[in-house]
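Notes to accompany the following structure.
Read-outs throughout are calculated quantities, based only on the coordinates presented, and are distinct from any laboratory measurement. Treat the numbers as computed from the prediction; the structure is a model and nothing was measured. For neighbour counting, all protein chains shown are included, and Cβ atoms are generated from backbone atoms with ideal geometry for every residue, glycine included.
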Amino acid sequence: MFRSIAEWTEAAESRGSSLPVAILEAEEKETGAEGDQIRERIRETLAVMRAAVDEGLSSTEESPTGLTGGRAKRLAAGARRGWPRVGRACSARSFPRCCPARSRRWR
């Protein structure tokens, strides 16, 4: 199996195919499912992910531990206001470099 997008892209180009077609063919080979079944599973998964995003954006309820809740709505509002790098994940180590203006309060 491929370990990077570059490998997928090279494989697709070598067969004269597009990346989505190459991925679908690999999934068919690996699972034995037909393309239509795979596409339907992808549609269902996408619908679940979209519903989770909608729920996260509309909820301000915190989890029982207090670790999550309400942040998605605030991040979306920040993205609309043009906060730097919102929408891009920052690891704990890279946060000061990717968001220097906001990193002072996290030190």
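Residue separation times 0.36 nm, minus the C-alpha to C-alpha distance between Glu44 and Thr31: what's the value?
Contour length minus the Cα-Cα distance gives 3.0 nm.
Enumerate by residue number the trypsin sites (Lys or Arg not before Pro) in the stretch 1-53 meeting two conditions: DSSP loop (anything except H, G, I, E, B), and at most 11 other Cβ atoms within 10 Å of the site's Cβ.
Loop-located and lightly packed - Arg3, Arg15.
At Thr68 and Phe2, where each label point lies 7 Å from the Cα along Cα→Cβ, what is the point-to-point distance in nanometres?
Between Thr68 and Phe2, the label points sit 3.0 nm apart.
Quick check: from the Cα gyration tensor, does the stretch 7-85 come out rounded (a/c under 1.5), prolate or oblate?
It is prolate, given that a/c is not under 1.5 and a/b is the larger ratio.
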